[in-house]
Amino acid sequence: MQEPFDIEIGTINYSVFPEGNDSYTIFKDGKEYTQIQKDTSAIWLKMDYKTELPIFEEDEEVNAIGKAIESYVPEEEDEEDEEL
């Protein structure tokens, strides 16, 4: 499983904790902020804390976080695929 990593969007730092299956727990300013999951190549969804189900409404911040994750993650996933 992938190790946690940090991303920066503008002046905001986020800590990203991979949960598997394209799901991530996001920390903002040192506090747990949200959970997100990749829906399609361009859409990321925020997860409901109580039900752990996706909230199907577009969220610009969640999409920006998702795109930053995609920019960070692919190189490591490609290396894992080559080992298999």
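Things to note:
- Between Ser23 and Phe5, the distance separating the two model label sites (each 7 Å from Cα on the Cα→Cβ line) works out to 2.1 nm.
- Column: log10 I(q)/I(0), Debye, Cα scatterers of the stretch 5-71, q = 0.19, 0.20, 0.22, 0.24 Å⁻¹: -0.66, -0.74, -0.90, -1.08
- For the stretch 5-71, with +1 on Lys and Arg beta carbons and -1 on Asp and Glu, the positive-most of Ala42, Tyr24, Asn63 along the dipole: Tyr24
- Carbon-plus-sulfur accessible fraction, the stretch 5-71 (probe radius 1.4 Å, protein heavy atoms only): 46%.
The values are calculated or read from the model by the stated rules, or taken from the named source; none is laboratory data. None of these values were measured; they are calculated from a predicted model. When we count neighbours, we look across all protein chains shown, and the Cβ atoms used for this are built from the backbone with ideal geometry, even at glycine. Accessible surface is based on the protein model in full, side chains and every heavy atom, while ligands, DNA and RNA are left aside. Shrake-Rupley method; radii C 1.70, N 1.55, O 1.52, S 1.80 Å.
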